[in-house]
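Derivation of every value follows stated rules applied to the coordinates shown; laboratory data play no part. Fair warning: this is a prediction, and the values are worked out from it, not measured in the lab. When we count neighbours, we look across all protein chains shown, and the Cβ atoms used for this are built from the backbone with ideal geometry, even at glycine.
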Protein chains: 2
Amino acid sequence: MQLTPLAERFVLHFGEMGSRWGVNRTVGQIYALLFISPNPLNADEIGETLAFSRSNVSMGLKELQSWRLCKMTHQPGDRREYFEAPKDVWEIFRTLAEEKKKREIDPTLSMLRDAMLASPANADDKYAQERMQEMHELIELATGWFNDIHRLSPETLENLMRLGSKVQKVLGFADRLRGGDKPDKPDAA
Amino acid sequence: MQLTPLAERFVLHFGEMGSRWGVNRTVGQIYALLFISPNPLNADEIGETLAFSRSNVSMGLKELQSWRLCKMTHQPGDRREYFEAPKDVWEIFRTLAEEKKKREIDPTLSMLRDAMLASPANADDKYAQERMQEMHELIELATGWFNDIHRLSPETLENLMRLGSKVQKVLGFADRLRGGDKPDKPDAA
DNA sequence: TACAATTTTCAGTAATTACTGAAAGTTCGG
DNA sequence: CCGAACTTTCAGTAATTACTGAAAATTGTA
């Protein structure tokens, strides 16, 4: 299977960006190919199209599956495994966020929790623990929030996003509804 | 400068996570050290503490500065450059998001814009372009939104985050406030 | 301006990560 | 349950990335 110039451009870009995104070239290119492919592809087709060895394709597909970025299917009367990328971009977005969090944030949260419990050896350790707590609180807040909103329907999420910074007004309003304690000053540049 | 076990744990963790975060071990460790350091450090202190060569420290600091994750200062009567990490975790959060976007998303946005303008060679290209457009729209929406809200004050942002999924209710309410007309007029930006 | 202190660059090397081909493992139709 | 079709594993190698030490460049000061 020969790529058109357009498809090739897309695929090569994903290959190059892969390393910045935390996957290798193979994984990036395979994902790109699956993303724009109208139908599922088997490993041989992928390998032939991208000029990768069969084993490399196998490993790449495994990694994509571990990211939940591709799923295996079967074609009637064909023993080979076929692969396709999820179609819904909102779903992809959520998956990516979840998997990134799992790999890039959760281990740190866990380390921070441990470290904050340790007894400080001196004043610098005390200070370090304060800093860690700040970091921990922010991450908890941000990821907890994400966890909340990523469960919202794509439509609700889209509305929220389209609202943009106007959310501030709505927020002040919500605040008043909650019993009108702090009037949540609308500041910021 | 000898690290306490607590500090060492923190520093080593950042070194290991570094590669997942897109920086090398040196950069991860230097940042961790600066983050928990009560005062600015010079390059020699950093190199001695972490057992890195002077040149490695120099390169690491340059990279951290390019991420805006550390800034240079001077001590009165000392020619050497001192470095410290920004203290405000909300500011760090925003910086990180901006810099990640610049490196990991913007190039793809640009590629997508180009590719969508190209004339499709066949039906598969047409399909590919549709998929690219979906991807492009989602990224634009998500990053545009981020761009909006990251300008909100930390307090407002914190309120939004604490609101969590309850935002849905507020959102429905906002919708009614706007007069119940079609919800998709560009309120943002 | 000259010089000592400091930082940066860079070529060489070490360490890590990516990729391949061959062999082993698995699966399913006959 | 045999054997062909297919997939995975893995040891070896290639490619990339990280790190070092020496030399060059820069900077502040006497």
Put in order of increasing Cβ neighbours within 10 Å, starting from the fewest, B:F83, B:F146 give B:F146, B:F83
Long-range alpha-carbon pairs in the protein assembly as shown, meaning those over 27 Å apart, account in percent for 58
Surrounding charge for A:M116, neighbours by C-beta under 14 angstrom, Lys/Arg +1, Asp/Glu -1, total -2
Diffing region A:110-121: the Karplus 3J(HN,Hα) column from phi (6.51, -1.76, 1.60, θ = phi - 60°), in whole Hz with x for Gly and Pro, holds 5, 4, 4, 4, 4, 5, 5, 7, 5, 8, x, 7
Rounded to the angstrom and largest first, Cα extents along the principal axes for region A:5-84 equal 39, 28, 21
Sorted shortest first, the nm distances from the A:K169 label point (7 Å along Cα→Cβ) to its counterparts in the other copies are 2.2
Partner shielding of B:131-139, as the mean number of partner chain Cβ atoms within 10 Å, equals 4
homo-copy label distances at B:P76 (7 angstrom along Cα-Cβ), nm, one dp, ascending, are 8.6
Links exceeding 23 Å between C-alpha atoms in this model, out of A:K100/A:K166; B:K87/B:K166; A:K102/B:K101; A:K71/A:K102; A:K87/B:K166, come to A:K100/A:K166; B:K87/B:K166; A:K87/B:K166
Taking region A:89-150, the equivalent ellipsoid from its C-alpha gyration tensor has semi-axes in Å, biggest first, of 30, 11, 7
Quick P(r) readout (region B:1-49; Cα-Cα; 5 Å bins; whole %) gives 5, 24, 34, 24, 11, 2
Calc'd 3J(HN,Hα), region B:90-96, phi into Karplus 6.51 cos²θ - 1.76 cosθ + 1.60 (θ = phi - 60°), Hz, glycine/Pro = x, comes to 5, 4, 4, 4, 5, 4, 4
In whole Hz, the Karplus estimates of ³J(HN,Hα) for region A:8-21 (6.51, -1.76, 1.60; θ = phi - 60°; x where Gly or Pro) are 4, 4, 4, 5, 5, 4, 5, x, 5, 5, x, 4, 5, 8
Taking the label point 7 Å from Cα along the Cα-Cβ vector, the copy-to-copy distances for B:L117, listed from shortest in nm with one decimal, are 5.6
Per the helix-only model, chain B has a calculated mean residue ellipticity at 222 nm (DSSP H runs of ≥4, -39500 (n - 2.57) each, divided over all residues, rounded to the nearest 500) of -20500 deg cm²/dmol
Rounded to a whole number, the mean other protein chain Cβ count within 10 angstrom for residues of B:34-46 is 2
Note: B:6-12 gets an average of partner chain Cβ contacts (10 Å, Cβ to Cβ) equal to 5
extent check for region A:40-89: Cα max minus min per principal axis, descending, whole Å, gives 28, 26, 16
Quick numbers on chain A, Rg and Dmax over C-alpha atoms in Å, give 22.8, 70
